[in-house]
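The values are calculated or read from the model by the stated rules, or taken from the named source; none is laboratory data. Every value quoted in this text rests on a predicted model; they were computed, and no experiment measured them. Note: ideal-geometry Cβ built from the backbone for every residue, glycine included; neighbour counts use all protein chains shown. Each accessible area value is taken on the protein alone, full model and side chains, heavy atoms only, with ligands, DNA and RNA left out. Shrake-Rupley method; radii C 1.70, N 1.55, O 1.52, S 1.80 Å.
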Amino acid sequence: MELLVAWVAFPAILVVLAIGCGLLVGRLAGSELPRALLPAVGLALIVVIAGFFTLADTTAELATPVVVALGLSGLVLGRRSLARPSGWALAAAGGVFAVYAAPIVLSGEATFAGYIRLDDTATWLALTDRVIEHGRNLDGLAPSTYEATLAFNLGDGYPVGAFLPLGVGARLLGEDVAWLIQPFLALLAALLALALWSLARPLVKPAALRAAIAFVAAQSALLFGYYLWGGIKELAAALLIAAVAGCVGPLIAARFDPRLLLAPALLAAALAGVLSAGGLLWLAPAFALAAALAVRGLSARVAGFRAALLVGLVAVLALPVLAGGGLLPPTSSPLTDADARGNLIGPLEPAQVAGIWPAGDLRLDPVVELPVHALIVLMVAAAGAGLLVGARARAWGPLAYLGGTAIACLAIWLLGSPWVDGKALATASPVVPFGAGLAIAAMVARGLVVEGIVLGIVLAAGVVWSNALAYRDVNLAPRDQLGELEVIGARIAGAGPTLITEYQPYGARHFLREAEPEAASELRRRRVALANGETVAKGDSVDTDALDPGGLLTYRILVVRRSPSQSRPPAAYRLGWQGDAYEVWRRAAGAPARVGRLALGTRRQPVARPHCRRVEALAARAGPGARLVAASRPRTIVTSLAEASYPRSWSTPATRARPVPNGAGEIEARVAVARGGSHEIWLAGSVRPGVELAVDGDSVGEVRHLLNNRGQYVRLGAAELAPGAHTITIRFAGPDLHPGSGGAAAAVGPLVLSRAGAAEAKLIRVAANDARVLCDRAWDWIEGEPAG
């Protein structure tokens, strides 16, 4: 049901609204728009109208009903002009949607891609929710990671146009935007295919061939790779640029007829809403070409008036962007800084704009370089030929798209940082396969049918090969784990402040937003200090024992990730809720202040036996009549994988304890159990392909594609174990047809067995005078509790 809502109902609603809004634009302009461009123009109207309404808190919640009213009005007013769409156009769009949907839908869960690899999606979710409900207004938000994220972005005018249709659809369905963002991105790609279909019409008459060109170009490898990173702005920009180019031909033919100016003006204003005003650079070459050709035969006065009318329309429609932000969006580093790489390993290769890059991860080199570079040269040469075909035929729309987008991309690439360059290359990347498709169509039209088909199959195979490897390498978010955060967010709304000790940007920036969430290693307002006075490094998780007790007690709610090494929070907290992945701890009202604390254990082993002198010193500090509180729990069984057997190719002698399961194989370890009972079995790290857990030959658990940030564990299963020796076998399957199963493996280990976690820890209280009774046992921690 979740998949049907996300991948069928949600895109269907947005398509209907977009078509209705597109029809309304045609009625207002008094001219009929190309059918394949209706959804793109309608989406632009949604972006622009919602942009005006979300300027203020008082009108933000009206954005959704107003968009619905406009869409329904357009469907009613334009119903007679709504002709049946071409089956081939729908096939191209539907095929592209299916390709983009595959990495998510074939996982069987309504989740999203780019998890861990790039956490920008967490920010997109925060912005979408806030803007669609309250606009850019941050009044009433308590200090938190969520509030700081919004203040950094919305406070400095970050463009939010790409998020507005997503927010409208989410409100209509009542679904969390986290489960809808990937279908929205796939829908943008499908609408891009429709725009390219329309754009190719003057040069490619066979409908099937035109559909094939649009199908391949809309899934250019670099754009698809950014899609798998949550590249909402790149996909939205690619769509709007192609749609504007589709308007150029009719605009030139009609010599800038004022009736035809509304659609391109809306598309341009929407592009400014997506990228900021500086994003209009993408359209400057196309508009310049259109103006130069359209004014021939017009008087200077008429030409000037029509050009000014277009500029004025764009300026008025883009007022939300011009009023709320600057020329460029706010970023953590200058957009022209040569060292600003974001999460890129290094600058992307300009050749990646060709749409072929079979590497799995777009940051890496191709799997085989010589054949790939040959394909790229062939694709670029064919695109150049396609540009010549468009110029000779005076097909101004395709020419504006091919030449204008290439010029704009080159300008950005020369001026921008590596991070900006990558975005520009991704946005422009459909251009090259599209141009190559035009050249192939020209070959077929001239009778070179076999040659053209062979060339097309070879180039299309390069694109498909690239995207198949990206499918294999995708990082999918753990739906069940994040679903728990969604449940927790609803349970603790209004009860903050809340601290989440795991590095989990989707929790701190989105799911827990109603509970004043702060993450120990995220952007935050309070200084979450370690016991040694330092702060947690970004990307790290932290145990509650490692945090300064005084700072920790600032938070009424603690959200901690379940793991065998997680300490029980201080005695002032009581367990409020427990799931498979998280625990919620609430600070008890009126809990007495603590006098001193001994944090025991290590990073892997949460309990340890204290030195008696330290216990006595704590008792003395607590004072006469005081008590000591100790957290009691069983030791975990930590087994280093250096002692296990597994394929030799998984490690080197120096990394024996942390093998990398880079293929099918199994880890077999012997563990000694002192006390019988139910044990949870954990493996530090992440897993991609299917993993089966067996104990003494019996299968007791299976998991697949569970990715973690640093320092976390995968729960493999649980088993009843009798005292004595046992054989634990962890069987790793090789890459298969499941999305993400062939991505780069990460090191795993150690193997940990836990009889009881933090939630099961018992608190033992003894008089300070009897402190020595605590010396001969292992404890999680000991605290001083003053008298009274």
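Computed over protein heavy atoms with a 1.4 Å probe, the carbon and sulfur contribution to the accessible area of the chain reaches 60%. For the chain, the longest principal axis of the C-alpha atoms and the axis of helix 145-154 are separated by about 20°.
Relative to the globular-protein estimate of 2.2 N^0.38 Å, the Cα radius of gyration of the chain stands at 1.07. Taking each DSSP H run with n ≥ 4 as -39500 (n - 2.57) and averaging over every residue of the chain yields -13500 deg cm²/dmol at 222 nm.
For the chain, C21, C247, C409 have no disulfide-compatible partner, since no other Cys C-beta lies under 4.7 Å from theirs.
Any idea what the relative contact order of the range 476-529 is, in percent, if you count C-alpha pairs under 8 Å spaced at least 6 apart? With pairs under 8 Å counted, the relative contact order is 34 percent.
Accessible surface calculations at 1.4 Å, restricted to protein heavy atoms, place the range 1-138 at 39 Å² per residue. As I understand it, the dipole of the chain uses +1 on the Cβ of Lys and Arg and -1 on the Cβ of Asp and Glu, about the Cα centre. Which of A170, L693, A657 lies farthest toward its positive end? After comparing all options, I get A170. The angle between the Cα long axis of helix 418-428 and the longest principal axis of the Cα atoms of the chain comes to about 50 degrees, rounded to the nearest 10. Computed across the range 633-788, the Kirkwood hydrodynamic radius from all distinct Cα-Cα pairs reaches 17.4 Å.
With the charge dipole of the chain set up from +1 on Lys and Arg Cβ and -1 on Asp and Glu Cβ about the Cα centre, the Cα lying farthest toward the positive end among the listed residues S521, A102, A40 is that of A40. Between the listed residues V25, A718, P366, the Cα displaced farthest toward the positive end of the dipole of the chain, a dipole computed from Cβ unit charges relative to the Cα centre, is found at V25.
Magnitude of the charge dipole for the range 689-738, about its Cα centre and with charges confined to Cβ atoms of Lys, Arg (+1) and Asp, Glu (-1), is about 300 debye.
With protein chains left intact and a 1.4 Å probe, residues in the range 600-746 average 47 Å² of accessible area per residue. Rounded to the nearest 10 degrees, the inclination of helix 369-392 to the longest alpha-carbon principal axis of the chain is 30 degrees.
At a probe radius of 1.4 angstrom, the accessible area of the range 450-564 per residue rounds to 35 square angstrom.
The charge dipole of the chain, taken about the Cα centre with unit charges on the Cβ atoms of Lys, Arg (+1) and Asp, Glu (-1), comes to about 760 debye, rounded to the nearest 20. Its relative contact order, with pairs defined as Cα atoms under 8 Å and 6+ residues apart, puts the range 67-190 at 38 percent.
In the range 657-735, Cα pairs under 8 Å separated by at least six residues give a relative contact order of 47 percent.
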